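Since the structure comes first, as C-alpha coordinates, the remarks are kept for the end.
The values are calculated or read from the model by the stated rules, or taken from the named source; none is laboratory data. None of these values were measured; they are calculated from a predicted model. Note that each Cβ is placed from the backbone with ideal geometry, even for glycine, and that neighbours are counted across all protein chains shown.
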Amino acid sequence: MEFLVASAIGVLTAAGIYLVLRLRTFPVIIGISLLTYAVNVFLFASGRLTIGAPPILTDAERYADPLPQALVLTAIVISFGMTAVVVVMALGSFLGSDDDHINDPEDLPSDEEGRA
(Lines give C-alpha, C1' and ligand atoms only; values in the text may rest on other atoms or scores of the structure.)
Protein backbone atom coordinates (compact mmCIF):
# COMPACT_ATOMS: atom_id res chain seq x y z
CA MET A 1 0.00 0.00 0.00
CA GLU A 2 2.80 2.41 0.90
CA PHE A 3 4.59 1.72 -2.37
CA LEU A 4 1.43 2.46 -4.35
CA VAL A 5 0.85 5.77 -2.57
CA ALA A 6 4.53 6.76 -2.89
CA SER A 7 4.45 5.92 -6.61
CA ALA A 8 1.28 7.98 -7.09
CA ILE A 9 2.90 10.95 -5.33
CA GLY A 10 5.99 10.59 -7.54
CA VAL A 11 3.98 10.37 -10.75
CA LEU A 12 1.81 13.37 -9.82
CA THR A 13 4.90 15.40 -8.92
CA ALA A 14 6.77 14.48 -12.10
CA ALA A 15 3.78 15.23 -14.32
CA GLY A 16 3.15 18.50 -12.49
CA ILE A 17 6.74 19.68 -12.87
CA TYR A 18 6.72 18.69 -16.55
CA LEU A 19 3.54 20.68 -17.19
CA VAL A 20 4.72 23.71 -15.18
CA LEU A 21 7.74 23.97 -17.49
CA ARG A 22 5.57 24.26 -20.64
CA LEU A 23 5.35 27.55 -22.57
CA ARG A 24 1.55 27.85 -22.57
CA THR A 25 -0.59 28.98 -19.65
CA PHE A 26 -3.16 26.16 -19.62
CA PRO A 27 -0.60 23.33 -19.08
CA VAL A 28 1.03 25.44 -16.36
CA ILE A 29 -2.31 25.72 -14.54
CA ILE A 30 -2.88 21.96 -14.84
CA GLY A 31 0.68 21.33 -13.61
CA ILE A 32 0.17 23.51 -10.54
CA SER A 33 -3.04 21.61 -9.82
CA LEU A 34 -1.23 18.27 -10.10
CA LEU A 35 1.47 19.51 -7.73
CA THR A 36 -1.15 20.51 -5.18
CA TYR A 37 -2.77 17.08 -5.50
CA ALA A 38 0.63 15.47 -4.87
CA VAL A 39 1.14 17.60 -1.76
CA ASN A 40 -2.36 16.76 -0.51
CA VAL A 41 -1.76 13.01 -0.91
CA PHE A 42 1.62 13.38 0.79
CA LEU A 43 0.07 15.22 3.74
CA PHE A 44 -2.70 12.65 4.01
CA ALA A 45 -0.23 9.76 3.91
CA SER A 46 1.93 11.36 6.60
CA GLY A 47 -0.77 10.50 9.16
CA ARG A 48 -0.30 6.74 8.64
CA LEU A 49 -2.33 4.73 6.20
CA THR A 50 -4.93 3.01 8.36
CA ILE A 51 -8.12 1.63 6.90
CA GLY A 52 -11.34 1.71 8.91
CA ALA A 53 -9.81 3.39 11.97
CA PRO A 54 -11.58 6.31 13.65
CA PRO A 55 -9.85 9.73 13.49
CA ILE A 56 -10.46 10.27 17.20
CA LEU A 57 -7.93 9.76 19.96
CA THR A 58 -9.69 7.44 22.39
CA ASP A 59 -8.66 4.31 24.20
CA ALA A 60 -8.82 2.44 20.88
CA GLU A 61 -5.78 0.47 19.80
CA ARG A 62 -6.00 1.71 16.21
CA TYR A 63 -6.73 5.29 15.24
CA ALA A 64 -6.00 7.67 12.39
CA ASP A 65 -4.22 10.94 13.10
CA PRO A 66 -6.75 13.78 12.57
CA LEU A 67 -4.14 16.52 12.05
CA PRO A 68 -3.14 15.54 8.45
CA GLN A 69 -6.82 15.31 7.55
CA ALA A 70 -7.39 18.86 8.75
CA LEU A 71 -4.28 20.03 6.89
CA VAL A 72 -5.50 18.41 3.67
CA LEU A 73 -8.91 20.06 3.97
CA THR A 74 -7.22 23.43 4.44
CA ALA A 75 -4.86 22.78 1.52
CA ILE A 76 -7.78 21.87 -0.76
CA VAL A 77 -9.49 25.19 -0.04
CA ILE A 78 -6.28 27.16 -0.55
CA SER A 79 -5.42 25.35 -3.80
CA PHE A 80 -8.94 25.95 -5.15
CA GLY A 81 -8.64 29.67 -4.47
CA MET A 82 -5.14 29.80 -5.94
CA THR A 83 -6.28 27.96 -9.08
CA ALA A 84 -9.19 30.36 -9.52
CA VAL A 85 -6.88 33.39 -9.27
CA VAL A 86 -4.36 31.90 -11.72
CA VAL A 87 -7.11 31.02 -14.23
CA VAL A 88 -8.46 34.58 -14.10
CA MET A 89 -4.95 35.99 -14.58
CA ALA A 90 -4.28 33.65 -17.52
CA LEU A 91 -7.64 34.50 -19.08
CA GLY A 92 -6.94 38.22 -18.74
CA SER A 93 -3.51 37.78 -20.29
CA PHE A 94 -4.95 35.78 -23.18
CA LEU A 95 -7.74 38.27 -23.86
CA GLY A 96 -5.28 41.18 -23.70
CA SER A 97 -2.74 39.78 -26.13
CA ASP A 98 -4.61 37.05 -28.09
CA ASP A 99 -1.78 34.65 -27.19
CA ASP A 100 -1.24 32.33 -24.27
CA HIS A 101 2.53 31.91 -24.45
CA ILE A 102 4.39 32.55 -21.23
CA ASN A 103 7.60 33.71 -22.92
CA ASP A 104 6.59 35.38 -26.15
CA PRO A 105 9.41 34.99 -28.73
CA GLU A 106 8.54 38.38 -30.25
CA ASP A 107 9.48 40.18 -27.03
CA LEU A 108 12.90 38.54 -26.71
CA PRO A 109 15.87 40.42 -28.23
CA SER A 110 17.63 38.67 -31.09
CA ASP A 111 21.34 38.66 -31.88
CA GLU A 112 20.88 41.11 -34.79
CA GLU A 113 19.37 43.79 -32.55
CA GLY A 114 22.63 44.48 -30.79
CA ARG A 115 22.70 42.21 -27.79
CA ALA A 116 26.17 42.36 -26.28
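Here is how the numbers come out for the structure above:
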item: Hits in segment 31-81 (condition: in a helix (DSSP H, G or I), surrounded by fewer than 15 Cβ atoms within 10 Å (Cβ to Cβ) and either among the acidic types (Asp, Glu) or at pLDDT 90 or above (or both)); result: Leu73, Thr74, Ile76, Val77, Ile78, Phe80, Gly81
item: Filtered residue count, segment 3-57, keeping only those that are in contact with a Phe, Trp or Tyr (Cβ under 8 Å, 6 or more places away or on another chain) and touching a residue at least 60 places away in the same chain (Cβ under 8 Å); result: 1
